[in-house]
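Here the structure is laid out as structure tokens; the discussion comes afterwards.
The values are calculated or read from the model by the stated rules, or taken from the named source; none is laboratory data. Here the structure is a predicted model, which is why all the values come from computation and not from measurement. Cβ coordinates were reconstructed from backbone atoms using ideal geometry, including for glycine residues, and neighbour counts include every protein chain displayed. Calculation scope for accessible area: heavy atoms of the full protein, side chains included, ligands and nucleic acids excluded. Shrake-Rupley method; radii C 1.70, N 1.55, O 1.52, S 1.80 Å.
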Amino acid sequence: MNFEELYKRKLVSAVEAATKVESNDNIVVGLGCGETPAVLEELAKRQDELQGVVVHQMLPLYNYRYFQESMESAIRHNAWFISGYTTCGRGR
């Protein structure tokens, strides 16, 4: 199998990727332009379904909904590097 076939076989939508996350999972997000904004936004939509998910992220480029304190019991942001979006005491 060549890499193009393998890639097509593994390719999923942002919604499908977010549904793979379970409570108490740890997710490591790519740095800067390696972020997956669509997946992270879909993950935030699952706030009522999830508990204890930690997103480890370095230098976020967007102000994601899961940065809000009200989301902390479902999804918590663990900042590896501070950006303008994580300096309000939310990213820890």
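How many Å² of accessible area per residue for the chain, probe 1.4 Å?
Here the per-residue accessible area is 64 Å².
Near the amide H of W80, under 5 Å away, which other amide H atoms are found, from residues 5 or more places off or on another chain, if H is placed in the peptide plane?
Result for W80 returns Q57, M58, L59.
Looking at (i) 1.14; (ii) 1.20; (iii) 1.36, which value of Cα Rg over 2.2 N^0.38 Å comes from a calculation on the structure shown?
Given (i) 1.14; (ii) 1.20; (iii) 1.36, the structure-derived one carries the label (i).
Can you give the charge dipole size of the chain about its Cα centre, rounded to the nearest 20 debye, using +1 on the beta carbon of Lys and Arg and -1 on the beta carbon of Asp and Glu?
140 debye
Restricting to bridges with both residues inside the chain, how much of the DSSP beta-bridge set is antiparallel, in percent to the nearest 5?
Of the beta bridges lying entirely in the chain, close to 0 percent run antiparallel.
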